[in-house]
1. Please determine, in degrees from 0 to 90 and to the nearest 10, the orientation of helix 129-140 with respect to the longest principal axis defined by the Cα atoms of the chain, where the helix direction is its Cα long axis.
2. By counting other Cβ atoms within 10 Å of each Cβ, how are 60, 30 ranked from fewest to most?
3. Using 0.36 nm times the number of residues separating residue 167 and residue 146, minus their current alpha carbon distance, what extension gain do you get?
4. State the answer as a single residue: which of 105, 76, 136 lies farthest towards the positive end of the charge dipole of the range 37-185, with beta carbon charges of +1 for Lys and Arg and -1 for Asp and Glu, about the Cα centre.
5. Hey, how many Å between the Cα centroid of the range 129-185 and the Cα centroid of the range 16-94?
6. When a/c reaches 1.5 or more, the comparison of a/b and b/c decides; with that in mind, is the range 20-83 rounded, prolate or oblate per its Cα gyration tensor?
7. Given +1 on the Cβ of Lys and Arg, -1 on the Cβ of Asp and Glu, and no further charges, what dipole in debye does the chain carry about its Cα centre, rounded to the nearest 20?
8. Once log10 I(q)/I(0) by the Debye sum over Cα atoms at q = 0.08, 0.12, 0.15, 0.18 Å⁻¹ is worked out from the coordinates, which option in (1) -0.21, -0.49, -0.79, -1.22; (2) -0.24, -0.55, -0.90, -1.37; (3) -0.47, -0.77, -1.01, -1.23 does it equal?
Amino acid sequence: MTRIIAGAAGSLALSVPDAGTRPTSDRVRESLFGALDAAGVVDGARALDLYAGSGALGLEAVSRGAASADLVEKAPRAASVAERNARSVARAVPGASVRVHRAAVDAYLRGSSATFDLVFVDPPYDLTDAELAVTLELLADRLAPDAVVVVERATRSGEPALPPSLTHERSKKYGDTTLWWVRPA
């Protein structure tokens, strides 16, 4: 079972798409958000959850005090699940703004003019390094100057290639999963 770990919607169960997604484990999310909270990144942030699946990362941010979350998911069934989860979290966190965008990530980034403080990039493991590089290049223009981007990839994938406008800050390995922290250069 996937759930919101902490904050105003803490312990709220989230639905997960029945196929085609790989939800971030509670253990990884708990560690990630502990680090983000300690760094003061979440409170009041404008969050963006790319390849959102169930929306667990963006919704966890809202539960912990992010001002808003935009969840981007192109798979129709996963987007429907994210919408249901977003409604549940919005009821538990009055005043939070949560939007689900049924779109391909790169198309969303090309069409958006919004800027974000906290971004989660958790693409399917079969997304190529070249495809991820294009996404990160498009994302760079959507970041606030002090934004934090967390890229979740299979450990075997290695460090993602970054455009010159982004810089690698650190990484943390959790078995088969590695989180890469990235910031604007």
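1. 70 degrees
2. Details: 60 32, 30 13.
With the fewest neighbours first, 60, 30 line up as 30, 60.
3. Details: separation 21, 0.36 × 21 = 7.56 nm, distance 1.18 nm.
Answer, rounded to one decimal: 6.4 nm.
4. The residue sitting farthest along the positive end of the dipole is 76.
5. After rounding, the separation between the Cα centres reads 18 Å.
6. Numbers: a/c = 2.89, a/b = 1.56, b/c = 1.85.
Taking the square roots of the gyration eigenvalues as a ≥ b ≥ c, the range 20-83 is oblate.
7. Values: 21 positive and 23 negative charges, 92 e Å.
So the dipole magnitude of the chain works out to roughly 440 debye.
8. (1)
Here, each number is a calculation from the coordinates, and none is a lab measurement. Values in this document were obtained by computation on a predicted structure and should not be read as measured data. Here the Cβ is made from the backbone with ideal geometry for all residues, glycine too, and neighbour counts use every protein chain on show.
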